[in-house]
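Here is the structure we will look at.
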Amino acid sequence: MNLINTAGWQNNWYLLGDYGKINVRADAVASSGFTVEEYFEKEKEWNENIVEVSPAFGFTFDISPVATEKSNLDAVNDEFGASIGNGVVDPETEIPKYIERLEEAGLQKFLDELQRQLDAWVELQE
């Protein structure tokens with residue numbers, strides 16, 4: 001690959017919406033050992049035969065019954081999330097505090113409502 005021709009390129013395919021509509025460069029596909037046509041045929045075969053669709057595919061959670069809990073959980077996450085996630089605090093002491101605060105903020109009620117809605121939605125799909 002000629003680096004001069006690709007300098008500064010970015011591969012932000014996830015921003016483009018429909019991944020299947022992205023132009024694939026022939027030289028990039030050829031490095032996989034397939035022609036462009038073979039590559040797309042393999043991808044089509046994989047999508048049709050291998051991928052198992054999640055029963056939750058298409059589900060959208062209605063947050064309104066637990067909006068207060070969601071707000072409380074967000075506040076707890078704002079307080080603990082970055083420091084734990086970035087490793088700037090002792091996880092042995094801070095993670096138990098984080099979990100306790102999440103539980104106090106209504107985590108179980110939030111999860112129960114999410115599960116109730118998901119179960120109802122999956123039942124409608126069957």
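Coordinate-derived values only; no laboratory data. All values derive from a computational prediction rather than experimental measurement. Glycine gets a Cβ as well: all are built from the backbone with ideal geometry, and neighbour counts include every protein chain shown.
Charge tally for Ile63 (other residues, Cβ to Cβ under 10 Å; Lys, Arg +1; Asp, Glu -1): -2.
Derived scalar couplings between HN and Hα for region 97-109 equal 5, 4, 5, 4, 5, 4, 5, 5, 7, x, 4, 5, 4 Hz in order, rounded to whole Hz, by the Karplus curve 6.51 cos²θ - 1.76 cosθ + 1.60 (θ = phi - 60°), x for Gly and Pro. Charge tally around Gly81: other residues with Cβ under 14 Å, Lys/Arg +1 each, Asp/Glu -1 each, net -2.
Based on alpha-carbon centroids, what's the gap between region 94-126 and region 47-62 in Å, whole number please? Between the Cα centre of region 94-126 and that of region 47-62, the gap is 20 Å. Extension gain, Glu100-Ser71: 0.36 nm per intervening residue step, less the Cα-Cα distance, totals 8.8 nm. The simple Förster model, with R0 at 41 Å and r as the Cβ-Cβ distance, assigns Glu45 and Ala120 a FRET efficiency of 0.75.
Applied to region 64-74, the Karplus parametrisation 6.51 cos²θ - 1.76 cosθ + 1.60 on θ = phi - 60° returns per-residue 3J(HN,Hα) values of 4, x, 10, 4, 5, 4, 4, 5, 5, 5, 4 Hz, with x for Gly and Pro.
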